[in-house]
1. Residue 19 is checked against (1) modelled with pLDDT of 85 or more; (2) open to solvent by less than 90 Å² (accessible area, probe 1.4 Å) and fails just one. What number does that condition carry?
2. Kindly evaluate residue 34 against the criterion of being loosely packed, with under 10 Cβ neighbours inside 10 Å, farther than 20 Å from residue 53 by Cα and modelled with pLDDT under 75.
3. Only one of (1) surrounded by 11 or more Cβ atoms within 10 Å (Cβ to Cβ); (2) modelled with pLDDT under 75 fails for residue 29. Which number is that?
4. Would you pick out the residues in the stretch 14-60 that are in contact with a helix residue (DSSP H, G or I) (Cβ under 8 Å, 6 or more places away or on another chain) and on the phi > 0 side of the Ramachandran plot?
5. How do the strands (runs of 3 or more DSSP E) wholly within the stretch 5-54 filter down when requiring 2 or more residues that are in contact with a Lys or Arg (Cβ under 8 Å, 6 or more places away or on another chain): which remain?
6. Say whether the condition of being at pLDDT below 80, of a type in the set (Phe, Trp, Tyr) and surrounded by 12 or more Cβ atoms within 10 Å (Cβ to Cβ) is met by at least one residue in the stretch 53-66.
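The values are calculated or read from the model by the stated rules, or taken from the named source; none is laboratory data. If you're wondering where the values come from, they're calculated on a predicted model, not measured in any experiment. As a convention, Cβ positions derive from the backbone with ideal geometry for all residues, glycine included, and neighbour counts pool all protein chains shown. Accessible surface is based on the protein model in full, side chains and every heavy atom, while ligands, DNA and RNA are left aside. Shrake-Rupley method; radii C 1.70, N 1.55, O 1.52, S 1.80 Å.
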Amino acid sequence: MDDSCVVIHSTSYRNGGFSFDLGGMLYREDWADDFCEYVHGYPVVYALMNRITFELQRLDTELDVF
């Protein structure tokens, strides 16, 4: 993360993860794609938080972290 971008690295995806532009929270699936405001019909912030929650729940189930 820096002042303008958040990158979430994940081995669950072929492209290696997500990158988010904090200026209006736009989504770009690949470095060559245009930025989008919605992911599968949901605002980017909602999709990001949903994904983080999913990954944490999966870790909790697999590793009994919490």
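1. (1)
2. No: the conditions fail for residue 34.
3. (2)
4. Those that are in contact with a helix residue (DSSP H, G or I) (Cβ under 8 Å, 6 or more places away or on another chain) and on the phi > 0 side of the Ramachandran plot: 25, 40.
5. Working: elements: 5-9, 17-21, 26-28.
Passing ranges, in order: 17-21.
6. No, because not a single residue in the stretch 53-66 is at pLDDT below 80, of a type in the set (Phe, Trp, Tyr) and surrounded by 12 or more Cβ atoms within 10 Å (Cβ to Cβ).
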